[in-house]
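Read through the structure below, which is laid out as structure tokens, and then see the notes.
The values are calculated or read from the model by the stated rules, or taken from the named source; none is laboratory data. All values derive from a computational prediction rather than experimental measurement. For neighbour counting, all protein chains shown are included, and Cβ atoms are generated from backbone atoms with ideal geometry for every residue, glycine included. All accessible areas refer to the heavy atoms of the entire protein, side chains included, with ligands and DNA or RNA removed. Shrake-Rupley method; radii C 1.70, N 1.55, O 1.52, S 1.80 Å.
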Amino acid sequence: MPDGNKDFGVQMDHPMGKMMFNFLRQMAPNTPAAVYRMYGFLKSIHPGMKDIIRGQLMAEYGIDPLSDIAKNGQMPEMSKEDMRSMF
């Protein structure tokens, strides 16, 4: 379990999950909806850590993943160039 101010990494085995999460990470600094989706994804894997995940995302991206702007924001579609940049 996390304690203090330690960060935790994310490791994914499934190639599509990895690609989607990397896309969300690239979009997150300028796209609040990406932060919301990252939160949902991580929370589904570790529901007992939802508060820690929320705090970490707020610290990294400066947006509360449960804010209205994040929940209701638009996500751009992933282009072929985006997909190529993931590999």
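Classify the chain as rounded, prolate or oblate from the Cα gyration tensor: take a ≥ b ≥ c as the square roots of its eigenvalues, call it rounded if a/c is under 1.5, otherwise prolate when a/b beats b/c and oblate if not.
Oblate.
For the stretch 13-21, take each phi angle, set θ = phi - 60°, evaluate the Karplus expression 6.51 cos²θ - 1.76 cosθ + 1.60, and give the result in whole Hz per residue in order, putting x for glycine and proline.
Calculated HN-Hα couplings, in order: 8, 7, x, 6, x, 5, 5, 5, 5 Hz.
Which order do the peptides 70-82, 31-43 take when ranked by the mean count of other beta-carbon atoms within 10 Å per residue, highest first?
31-43, 70-82
Kindly provide the helix-only [θ] at 222 nm of the chain, computed as the sum of -39,500 (n - 2.57) over DSSP H runs of four or more divided by all residues, to the nearest 500 deg cm²/dmol?
About -16500 deg cm²/dmol.
On the accessible surface of the chain, probed at 1.4 Å, how many percent belong to carbon and sulfur atoms? Write out the running numbers ahead of the final one.
Values: 3210 of 6200 Å².
Within the chain, the accessible surface is 52 percent carbon and sulfur.
Take every Cα pair under 8 Å in the chain that's 6+ residues apart, average their separations, divide by the length, and report that relative contact order as a whole percent.
30 percent
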